[in-house]
Amino acid sequence: MVFAIVSVGSCCTFLYINCVLLFTLRSRPVFCETSRYILLFNLLLADTAQLTLSKTLFLLAACRIRLTLYLCGVLVMILMLVATISPLILMVMSVERYVAVCFPLRHAEIVTIRNTAVVIKVIWTFSLVNILIRVFILLSLKHDILPSQPMRDFCSKESLLLLPMSYYYDKAYSGFVFISVGMTIILSYIGVMLVARSASTDKASAIKAGKTLLLHLIQLGLILISTVHSVILTLFASTADRMLLVRLYNIFFVIFQIMPRCLSALIYGLRDQTIRPVLMSYLSCLGCLRTFS
């Protein structure tokens with residue numbers, strides 16, 4: 001019960017911060033006309049949706065409510081859609097920081113609003129195709145189960161990976177995405193740090209960009225661990241009792257599900273000099289007072 005209260009409280013707190021930050025990113029023209037903030041808006045939107053859906057499934061499991069296969073499939077597919085978008089947006093944001101530091105004269109030419117919109121559409125389309133493939137696999141493999149009947153297990157991604165085809169596809173896709181994104185962020189970080197050592201560049205800006213890329217890498221690592229935490233729990237299941245497994249599940253949920261989705265607000269909401277004053281004014285309700293005055 002204590003772990004459940006902690007997870008619900010922390011999740012609701014960061015959901016509130018994310019929603020305020022989303023509103024902030026649509027409250028000023030500079031945020032709507034800058035590629036980095038447009039990417040951040042999409043990242044926060046995906047993280048907020050995943051936080052909401054993850055917490056919903058968590059509460060359903062805690063209340064021992066079993067869903068039908070249809071409803072569970074819809075919720076899990078939406079959850080997996082937004083979960084895939086986050087690392088891909090992180091990759092694009094890392095490349096944008098790399099271009100800004102290593103090619104400052106061409107940054108405005110390469111990173112345009114039009115190019116950013118195209119990249120975002122490609123990311124959402126790529127993620128949607130992944131979901132459609134999963135749906136086709138689910139429909140072809142689940143013909144012996146009545147979709148309108150309540151599921152035997154609680155609704156989760158793992159409960160829909162019952163046969164080898166869906167399991168292997170999930171691991172292959174997750175591995176491909178995270179290896180590609182991880183290598184891109186690492187190479188971008190190395191490039192930025194090499195530029196930071198040069199005496200002819202703005203070292204302060206390069207070092208700040210390097211720190212941002214390092215935080216992206218940490219965030220990606222937590223997201224990657226969140227995709228395999230069920231495997232870790234399975235290993236403990238053979239030796240641990242049920243109470244310990246429940247506590248481990250709550251701890252893993254807070255650390256590997258909630259925390260990675262909250263880092264975006266901390267990385268940009270508090271570190272960005274343009275966003276921070278606007279965000280703090282809304283969080284303290286000063287923005288509302290100024291509107292009425």
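All C-alpha to C-alpha distances of region 17-92, sorted into 5 Å bins beginning at zero, yield P(r) values of 3, 14, 21, 20, 15, 11, 8, 5, 2, 0 percent in whole numbers. Near the amide H of residue 68, within less than 5 Å, lie the amide hydrogens of 151, all on another chain or at least 5 residues away, with H placed in the peptide plane. Spin-label model, residue 16 to residue 276: label points 7 Å out along the Cα-to-beta-carbon direction sit 2.2 nm apart.
Dipole orientation for region 9-126: of the candidates 102, 57, 44, 57 has the Cα lying most toward the positive pole (charges on Cβ; Lys, Arg +1; Asp, Glu -1). The largest accessible area among 152, 271, 26, 276 belongs to the first residue in 152, 26, 276, 271, and the rest follow in falling order (1.4 Å probe, all chains). For residue 56 and residue 172, the FRET efficiency from 1/(1 + (r/R0)^6), where r spans their Cβ atoms and R0 equals 22 Å, is about 0.20.
The values are calculated or read from the model by the stated rules, or taken from the named source; none is laboratory data. This is a predicted model, so every value here is computed, not measured. Heads up, the Cβs are rebuilt from the backbone with ideal geometry, glycines too, and the neighbour counts pull from every protein chain shown. Calculation scope for accessible area: heavy atoms of the full protein, side chains included, ligands and nucleic acids excluded. Shrake-Rupley method; radii C 1.70, N 1.55, O 1.52, S 1.80 Å.
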